[in-house]
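Engineer: Just dropping this structure here.
The values are calculated or read from the model by the stated rules, or taken from the named source; none is laboratory data. Worth saying up front: this structure is predicted, and the values here are computed from it rather than measured. We place every Cβ from the backbone using ideal geometry, glycine too, and count neighbours over all the protein chains shown. Surface areas here come from the heavy atoms of the whole protein model, side chains and all, with no ligands, DNA or RNA. Shrake-Rupley method; radii C 1.70, N 1.55, O 1.52, S 1.80 Å.
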Amino acid sequence: MAALTGMQIYKNLPRSNCKECGFPTCMAFAMQVAAKQKALGDCPRITDDAKNSLADASSPPMKLVTIGPEGKQFTFGQETVMFRHEERFHHATGVAVRIRGALTEMQVDELVAAINRADFMRAGEKLAVALCAVEVDGYADPAGRVQRIAQNCRVPLILMGDNPETLCATAQAIPGQRPLLCKATPANVEFLAKLAAGAKCALAIGAGTLEELADATQKAKANCVDDLVLAFSDKNTSETIRQLTIARRAAIKKNFRALGYPALVEVNADSPEAETVLAATFAAKYAGIVVINGHEPWELLPVLTTIQSIYTNPQVPNAVEAKLYAIGSVTENSPVIVTTNFSLTYFSVAGEVERSKIPCYISVVNTEGLGVLNSYAGDKISPEKVLKTLQEQKVAEHVKHRKLIIPGLLPIFKGELEDISEWKEVIIGPESASKIPAFLNSVWK
Amino acid sequence: MQLPDVNEKWTHRINTVTIGATKEQGGTRGKTITVGGQTTLPSLTFEGATPNKPVIAGYVADTPPDWPDTLKNAIGKEINSPAEWARKCVETFGVDMINLSLIGADPSGKNSTPAECARVVESVLKAVDVPLIIRGCNDEEKDNLVLLECSQASRGENCLIGSAKEKNYRTVVAICKADKHKIIAEAPVDINIGKQVNILLQDSGFDLNDVVMFQTTAALGYGLDYVYTILERARTTGIKGDKLMAMPQLCDVGGETWRVKEAVADEDVLPGWGSLQKRGPMWEAACAAAYLQAGADILIMAHPAAIATIKMLIQRLS
Ligand code: B12
Ligand code: SF4
């Protein structure tokens, strides 16, 4: 929420210094409101216009938009910066898989099943398709199809069509589902805005130029829809990036309300490979939703992982708690593995240990969220520190043996650890976690 | 409705670096490659210029790297001969230039001699007529010897040689000066060290117009966020006027990608993650796509399918 200054508030007050609010001047009152000590409503003389304009000024420069019914919602927007290092990107880009109008009912069912299946665990986070984009033009019973999909699909819907009547009919066929209507044009925005307002849906608007788009969003707003999305069809990728950038700068840096909405990009590619890299490109450059056709894991995963990376918070190290983890039904004979508390590192190792089906203890050293080589280079891990961690976590009480598996990237720890500790058999593991299952299965017999 | 003016006033230009030398220029290359010269961020041509497109350097090594079969098979039997591998990269995969990594020099591996490495450089120069990047095996002591001989073997060809690092730059600087090569300034994902290396190069009399920065590279999902941001910060700093950060940037996408699980492990290992055949090259391509947006100028890439996809993307972005 953008904070208001005393001056901004003062300008909207009656400036009569009538003292009814209990303060000697309007300015004094304004300062109290800015400091959040008083509410605007405490001035009995303030006009509705002034209230609205201040509410506008204090709302975030880019709207937060939610699609879908309670329980399966997708929320995006309210971004605050152009570069992730300036603060962070807040609401991860949603991948929407398109269900083309030309598909048969059976193909639609298969695709919905594929979308429902498409979620992956990566580095401790669930990555999944966020939306289902149903084309509603060009076939016999769009309302029936949309109903069926809304019922079966785990994610909220985008209704995609150029014909406002069909959009209207399909939206009305799924009351309460709150799909995103995609999309209005400057020519039909008023009609669709009324529909969206009635159905409490968000509305995406596309236009030839950003100026026309800005006009159109204001028309939609005048018709009581403020849950808006700027829609771009990617005819020329460089031009689309320019438009996305200008719209976001206008909103964030100039507080230009008419473009202060998140963006949707319909990726336009002639191969799945092209589509995947274009989706990754738009995830980096300002799309809140990317609409693609691809639904195969090999197409989705690279895009979802790119989004995961770009939207991680650069201000906080991604760390797990440094403690002794037990994976599987461990016994006093289970292997003990040492690693660092960088999330990515821990989850890589833990995932592979699970895959090996050999129950293990993982002793996580507090390396302040750094991975193996980084903690070594940054002096956050050493044989002494490993030893201290093992003692603090009382690892020796959990197992009978004194064998320790260390990361393959730290082979030089072996000698010193064996010298200074009771752990007399230090085993150098593979360099990459992906080789842990094979390694454990051959070494831990 | 009138839009507010949102144009940034970038004041400076990224240095233009040309790699390779034609016959007239004292080398034997059929063409040269020029990168840099931007006065704005990627695609933002409404407030500046992007005169040179990013380029792809085909990853070639003197000895076959420890790569999964899907990648080795996609490259073909040529992977066993650096010269043939380079030729295939140029003629079949359509790369703009060649990156030759002399990983066989690694003392803990094949430990080939500097002279052997120099022979490889000569054979690759003969096999292809595109400009060359020459990199060592990441063992600093050995690289000083290897790069010295390789530099001499490619004298006059205006190669891009690396890496010069904070603690190990003197020899590389001396040989690149003597043989008139361009230099790679490498830093370990640390923007301050990145700048420091450039200062050291400048102080030792090396022209910063002959430098390409390498912030090291992370594979997609393995620290890409850090590297992405460092590339982006370096680029914005450069066009804002910091002459010490105004260099074109290099990313070794191929070298990093083919070590990570998602590019190496097939469906039997990662059930539900799709065929490796497709997933591997896609992992490499998506990583490259992200770095293009962060301001990469030279992408070192390995898989022919990933190279084809990124060539298409670069085309669409220009
Ligand atoms: C991202 C990154 C950073 C990030 C930090 C990320 C993090 N949280 O750790 C930042 C930008 C902060 C950073 C900083 C630095 N970095 Co750094 N960084 C990288 C980069 C690009 C990726 C590292 C990474 O995250 N890998 C992914 C994780 C998951 O890998 P991992 O922890 O090794 O875990 C894997 C395996 O080791 C294995 N594994 C883990 N535990 C175990 C346990 C067992 C038993 C087994 C079997 C396996 C296993 O499983 C994992 C998956 O395979 C690498 C270069 C590269 N491409 O690798 C450089 C790199 C690691 N950094 C380097 C350096 C020098 C630094 C700095 C010291 C620079 C400086 N400022 O002086 C600092 C150190 C931090 C500090 N200031 O204290 C060097 C290290 C050189 C060396 N060989 O020692 C590298 C290699 C770059 C280079 N080529 O020079 N870095
Ligand atoms: S009540 Fe309102 S108008 Fe009167 S002094 Fe207070 S702020 Fe000013």
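Engineer: Among the residues of the range A:354-362, is any hydrophobic (A, V, I, L, M, F, W, C), assigned to a helix (DSSP H, G or I), open to solvent by 10 Å² or more (accessible area, probe 1.4 Å) and away from ligand 2 (no atom under 16 Å from the Cβ)?
Structural biologist: no
Engineer: Say we look at the range B:245-295 and pick out the residues that are open to solvent by less than 10 Å² (accessible area, probe 1.4 Å), in contact with a Phe, Trp or Tyr (Cβ under 7 Å, 6 or more places away or on another chain) and assigned to a loop (DSSP other than H, G, I, E, B); which of these is farthest from the other protein chains (Cβ to nearest Cβ)?
Structural biologist: B:258
Engineer: Does any residue of the range B:212-225 turn out to be within 16 Å of ligand 1 (Cβ to nearest atom), within 11 Å of residue B:295 (Cβ to Cβ), without any contact (Cβ under 8 Å) to a residue 40 or more places away in the chain and not aromatic (Phe, Trp, Tyr)?
Structural biologist: yes
Engineer: Need the failing condition index for residue A:347 against (1) outside any helix (DSSP H, G or I); (2) open to solvent by 40 Å² or more (accessible area, probe 1.4 Å); (3) closer than 25 Å to residue A:279 by Cβ, just the number.
Structural biologist: That leaves (1) as the condition not met.
Engineer: Also, quick follow-up: Give me the strands (runs of 3 or more DSSP E) completely within the range A:78-194, filtered to those with at least 3 residues that are more than 19 Å from residue A:300 (Cα to Cα), ordered by residue number.
Structural biologist: Strands (runs of 3 or more DSSP E) meeting the threshold: A:180-184.
Engineer: With (1) touching a Phe, Trp or Tyr at 6+ places or on another chain (Cβ under 9 Å); (2) part of a helix (DSSP H, G or I); (3) away from ligand 2 (no atom under 16 Å from the Cβ); (4) polar (S, T, N, Q) as the list, and residue A:32 as the residue in question, which single condition is left unmet?
Structural biologist: Among (1) touching a Phe, Trp or Tyr at 6+ places or on another chain (Cβ under 9 Å); (2) part of a helix (DSSP H, G or I); (3) away from ligand 2 (no atom under 16 Å from the Cβ); (4) polar (S, T, N, Q), residue A:32 violates only (3).
Engineer: What residue, of A:358, A:420, A:427, is within 38 Å of the chain's Cα centre (by Cα) and in contact (Cβ under 8 Å) with a residue 12 or more places away in the chain?
Structural biologist: A:358
Engineer: Give just the number: which of (1) surrounded by fewer than 21 Cβ atoms within 10 Å (Cβ to Cβ); (2) within 23 Å of residue B:135 (Cβ to Cβ) does residue B:61 not satisfy?
Structural biologist: So the condition that residue B:61 fails would be (1).
Engineer: Scan (1) touching a residue at least 12 places away in the same chain (Cβ under 8 Å); (2) crowded, with 20+ Cβ neighbours inside 10 Å; (3) farther than 24 Å from residue A:188 by Cβ for the single condition residue A:272 breaks and write down its number.
Structural biologist: The one condition residue A:272 does not meet is (2).
Engineer: Quick one: which of A:283, A:269, A:263 is outside the structural domain of residue A:399 (by TED's automatic domain parsing) and touching a Phe, Trp or Tyr at 6+ places or on another chain (Cβ under 8 Å)?
Structural biologist: A:263
Engineer: Can I ask one more? In the range A:183-197, is there at least one residue being at the interface with chain B (Cβ under 9 Å from one of its Cβ atoms) and at pLDDT below 95?
Structural biologist: Checked against the condition, which is being at the interface with chain B (Cβ under 9 Å from one of its Cβ atoms) and at pLDDT below 95, the range A:183-197 yields no hits at all.
Engineer: Collect the residues in the range A:299-337 that are part of a loop (DSSP other than H, G, I, E, B) and in contact with an Asp or Glu (Cβ under 6 Å, 6 or more places away or on another chain), keeping them in residue-number order.
Structural biologist: Selection gives A:312 alone.
Engineer: If you take the residues of the range A:1-47 that are open to solvent by 60 Å² or more (accessible area, probe 1.4 Å) and either within 14 Å of chain B (Cβ to nearest Cβ) or touching a Cys at 6+ places or on another chain (Cβ under 6 Å) (or both), which of them is nearest to ligand 1 (Cβ to nearest atom)?
Structural biologist: It comes out as A:42.
Engineer: Next up: Out of the residues in the range A:248-267 that are more than 9 Å from every other protein chain (Cβ to nearest Cβ) and open to solvent by 30 Å² or more (accessible area, probe 1.4 Å), which is modelled with the highest pLDDT?
Structural biologist: My answer is A:266.
Engineer: Separate question: Only one of A:368, A:352, A:332, A:321 is within 20 Å of residue A:390 (Cβ to Cβ) and within 13 Å of ligand 1 (Cβ to nearest atom); which?
Structural biologist: A:368
Engineer: Please go through the range A:371-394 and pick out each residue that is more than 14 Å from residue A:319 (Cα to Cα), outside any helix (DSSP H, G or I), within 8 Å of ligand 1 (Cβ to nearest atom) and open to solvent by 40 Å² or more (accessible area, probe 1.4 Å).
Structural biologist: A:379
Engineer: So if I check each of B:203, B:179, which one is more than 10 Å from ligand 1 (Cβ to nearest atom) and open to solvent by 30 Å² or more (accessible area, probe 1.4 Å)?
Structural biologist: Answer to the selection: B:203.
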